[in-house]
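See structure below.
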Amino acid sequence: MKLVLLGAPGSGKGTQSQLLIKNQGMIQFSTGDLLRKAVSEKTELGLKAKDIMDEGHLVPDDLVIGLIREKLKGVSADQGVIFDGFPRTLPQAEALEGLLKEFHFSLNKAVYIKVPQQELIKRLAGRRSCSECGAAYHLHYNPPKKEGICDRCGSHDLIQRRDDTPEVIQERFETYERQTFPLIEFYQTRGLLAEIDGTAEPEDTYQLLLRSIGLGSEAFHSS
Ligand code: AMP
């Protein structure tokens, strides 16, 4: 299964990817995560991407296509792969088609997780993560047990992503509308699109996601 997850920032692509990894043994290629890693390691790619990401714009297509190309080299035909946050532009979607063909894979589905913008703003603005161990929190939906302290490692440094501030969130939405939204039609015309409601609890959205990719209902493992 090769799967593209589409949706605006905050629609839950990362959360759903985690559930697919845990329950279906899939692997996730998140260009956002790969880029943030490159930024924190101050690699050449990271240095090029940092300011662009901080402003809420998209890094150049050739850079992210190169990242995905490298990742695909280690993938087998029967390995389930989630493309999370990639493609984000039409040229990236066309490049992915070419790459999949080159590696003799085909895309099974592109699932669009639909969430109203008001809800997205609330989700993004409340996101926090631990600067020490990376544990993810949300001030409203998933707060740490003790305010400001990481449940997992005890760190007092729960930080907001630099691009989750109100001004940058607005810019990211505009970028999404302009450059990424057209991908919905791209995949629709290829008969690969499925659309699901992403406003419910993550576990319920996950059941919708499973059904949309033909895996039916599955008991949700909370442990
Ligand atoms: P994300 O974590 O997916 O929201 O991505 C965070 C940021 O990384 C985006 O706002 C972009 O600046 C950059 N980024 C991630 N994926 C891509 C992509 N496929 N194309 C261009 N830029 C990307």
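Of the listed requirements (1) assigned to a loop (DSSP other than H, G, I, E, B); (2) open to solvent by 30 Å² or more (accessible area, probe 1.4 Å); (3) away from the ligand (no atom under 11 Å from the Cβ); (4) on the phi < 0 side of the Ramachandran plot, E94 misses just one: (1).
Results for (1) in a helix (DSSP H, G or I); (2) touching a strand residue (DSSP E or B) at 6+ places or on another chain (Cβ under 8 Å), shown as yes or no for each residue.
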| position | (1), (2) |
| --- | --- |
| S106 | no, yes |
| I113 | no, yes |
| L124 | yes, no |
| S129 | no, yes |
| H140 | no, no |
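May I ask you to verify whether Q79 is open to solvent by 40 Å² or more (accessible area, probe 1.4 Å) and in a loop (DSSP other than H, G, I, E, B)? The answer is yes for Q79. Of L210, L215, which residue is in a loop (DSSP other than H, G, I, E, B) and either closer than 29 Å to K2 by Cβ or of a type in the set (S, T, N, Q) (or both)? Going through L210, L215 in turn, just one is in a loop (DSSP other than H, G, I, E, B) and either closer than 29 Å to K2 by Cβ or of a type in the set (S, T, N, Q) (or both): L215.
Can D84 be described as within 11 Å of the ligand (Cβ to nearest atom), under 15 Å from the mean Cα position of the chain (by Cα) and open to solvent by 10 Å² or more (accessible area, probe 1.4 Å)? When the stated conditions are applied, D84 passes them. Candidates in the range 139-177 are the residues that are under 18 Å from the mean Cα position of the chain (by Cα) and open to solvent by 90 Å² or more (accessible area, probe 1.4 Å); of these, the one that is farthest from the ligand (Cβ to nearest atom) is E177. Scan the range 178-192 residue by residue and report those that are open to solvent by less than 40 Å² (accessible area, probe 1.4 Å) and either under 18 Å from the mean Cα position of the chain (by Cα) or at pLDDT below 95 (or both). Result: T180, L183, I184, Y187. The set of residues from the range 17-30 being of a type outside the set (A, V, I, L, M, F, W, C), more than 8 Å from the chain's Cα centre (by Cα) and within 17 Å of R88 (Cβ to Cβ) comprises just one member, Q28. Among the residues of the range 65-76, those that are open to solvent by 10 Å² or more (accessible area, probe 1.4 Å) and either within 9 Å of the ligand (Cβ to nearest atom) or charged (D, E, K, R) (or both) comprise I65, L67, R69, E70, K71, K73.
The values are calculated or read from the model by the stated rules, or taken from the named source; none is laboratory data. Model, not experiment: these values are computed from the prediction. Note: ideal-geometry Cβ built from the backbone for every residue, glycine included; neighbour counts use all protein chains shown. Remember, those area values only see protein heavy atoms, side chains included, never the ligands or the DNA or RNA. Shrake-Rupley method; radii C 1.70, N 1.55, O 1.52, S 1.80 Å.
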